[in-house]
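Scroll down for the structure; my scribbles are underneath it.
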Amino acid sequence: MTVYTVPFDSEACRDVREVGGKALGLAEMTAAGLPVAPGFTVTAAAYRDFLDENGLRDDVRRILGQVDPDDRSTYDAAERALTERLSRAPLPARVADEVRRAYAELNARIGGGDVPVAVRSSATAEDSGGDSFAGEFETWVDVVGAEDVLAHVHRCYLSVFTGRVLSYAVERGIDLRTVEMAVVVQKTVRARSAGVMFTLDPITGDRSRIVLESSWGLGLSVVGGEVTPDRYVVNKVGLSLDQRVLGDKRVEYRRGDRPVPVPEDRRERLCLEDHEVLALAALGRKLEQLQGRPQDIEFAVDEDLPQDANLVLLQCRPETVWSSVKRAPAFDAGTGLMSWIVGSIGAGARTPAGAGDGHGHGGHRHG
């Protein structure tokens, strides 16, 4: 029997071929006992059946074959043609029934009623060590009701073929016909504050630091570049807070996907308390140890939860810029101490292409 939905705490949610990188990260955090908002994943099998039952594979092959890498207008034409074709194709009935059931189970688990959820892409080619589609696909928050969840799962399928994604795929030599879309459905966090955390310095690549960037409300304002977030630097070894930099936080997302102005009395206040920064850094360090490599993590402080349980991890992915840079070698006595010091400083000073934007990957604009 084909499985179309799996909860985060299921072993089946750790098969990256069926759930994609984003869902895998959530499943692994859940298994490790880290604080994760509950939810489920609509598997790549549902996407495959969507394409097959509607006879879409030939259309996708034909339209993508008309794309000229040197002609940007052909990207837009392909997006329009595929959006028109896929938007008319319904989800298979058994997929829709399974999503309704999984959403009802999530509602019952949380306490009844229609739970507002975030619906997020988790493509099977997403957030691998070599390629990161982070920021290329779409995320929606505060989706309420089974039918609206289904509509947004469908929208995730359409997002595979946007001009932005197609441009990225062409640039990286990725065939979008091989990309399969799983979808994460996760309880929306009522974020007082939210942001991103890197278990290295995303500007210098220094692995002895943990850097957090945060603003008021949901993290959309941070990942979308609409604010200058507060910045916190933590010493990874001793978990000491070494630096706080006040940002310029003029808008926030409180509900849904429309920003609202931040009241004057909060614009000049840091949005995280020191103890929250250190607790988040401890979670980040643990996650890096579990994954065996530096991580790029999205987090929130849930205003509906008590203070000792209000930190929530929303997503993790491997850091993909500095992690691929060759690190300075260990000391070799044969070369002389001063020669090794000079060489190490030079290696640490080099900035790889794409670094220095404060995010360490292609951007968080869309999630």
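The values are calculated or read from the model by the stated rules, or taken from the named source; none is laboratory data. Note that this is a predicted model, so its numbers are computed, not measured. Ideal geometry is used to build each Cβ from the backbone, glycine not excepted, and the neighbour counts take in all protein chains shown. Surface areas here come from the heavy atoms of the whole protein model, side chains and all, with no ligands, DNA or RNA. Shrake-Rupley method; radii C 1.70, N 1.55, O 1.52, S 1.80 Å.
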Of a type outside the set (Gly, Ala, Ser) and modelled with pLDDT of 95 or more: which single residue out of Thr188, Thr199, Thr204 fits that description?
Thr199
Working carefully through the options Thr30, Thr43, find the one that is within 18 Å of Ser121 (Cα to Cα) and either touching a strand residue (DSSP E or B) at 6+ places or on another chain (Cβ under 8 Å) or open to solvent by less than 30 Å² (accessible area, probe 1.4 Å) (or both).
Thr43
Could you check Leu51 against (1) buried (at least 24 other Cβ atoms within 10 Å of the Cβ); (2) without any contact (Cβ under 8 Å) to a residue 12 or more places away in the chain; (3) of a type outside the set (D, E, K, R) and say which number it fails?
(1)
Just to verify a result, which residue in region 6-27, among those that are of a type in the set (A, V, I, L, M) and crowded, with 18+ Cβ neighbours inside 10 Å, is farthest from Pro318 (Cα to Cα)?
Val6
Options Arg317, Arg285: the member that is open to solvent by 10 Å² or more (accessible area, probe 1.4 Å) and touching a Ser or Thr at 6+ places or on another chain (Cβ under 9 Å):
Arg285
Among (1) within 19 Å of the chain's Cα centre (by Cα); (2) within 23 Å of Ala23 (Cα to Cα); (3) at pLDDT 95 or above, which single condition is Ala282 missing?
(1)
Does Pro38 meet the test of being within 30 Å of Glu319 (Cβ to Cβ) and either surrounded by fewer than 22 Cβ atoms within 10 Å (Cβ to Cβ) or under 19 Å from the mean Cα position of the chain (by Cα) (or both)?
yes
I want to confirm something. Restricting to region 163-212 and keeping residues that are buried (at least 24 other Cβ atoms within 10 Å of the Cβ), outside any loop (DSSP other than H, G, I, E, B) and not hydrophobic (A, V, I, L, M, F, W, C), which single residue is farthest from the chain's Cα centre (by Cα)?
Ser193
(1) more than 17 Å from Val16 (Cβ to Cβ); (2) out of contact with any Gly (no Cβ under 6 Å at 6 or more places or on another chain); (3) modelled with pLDDT under 90: which one isn't true of Gly130, the others all being true?
(1)
Out of everything in region 215-246 that is in a loop (DSSP other than H, G, I, E, B) and either assigned by TED's automatic domain parsing to the domain that holds Phe137 or β-branched (Val, Ile, Thr) (or both), what residue ends up being most open to solvent (accessible area, probe 1.4 Å)?
Val237
Could you look through region 246-279, keep only residues that are β-branched (Val, Ile, Thr) and within 24 Å of the chain's Cα centre (by Cα), and pick out the one that is farthest from Val143 (Cα to Cα)?
Val277
Could you check Lys249 against (1) over 26 Å from Ala309 (Cα atoms); (2) among the basic types (Lys, Arg); (3) buried (at least 23 other Cβ atoms within 10 Å of the Cβ) and say which number it fails?
(1)
State all residues of region 61-71 that are in contact (Cβ under 8 Å) with a residue 24 or more places away in the chain and open to solvent by 60 Å² or more (accessible area, probe 1.4 Å); if no residue qualifies, say none.
Arg61, Pro69
Among Glu268, Glu273, which is acidic (Asp, Glu), out of contact with any Ser or Thr (no Cβ under 6 Å at 6 or more places or on another chain) and either more than 23 Å from Thr199 (Cα to Cα) or modelled with pLDDT under 95 (or both)?
Glu268
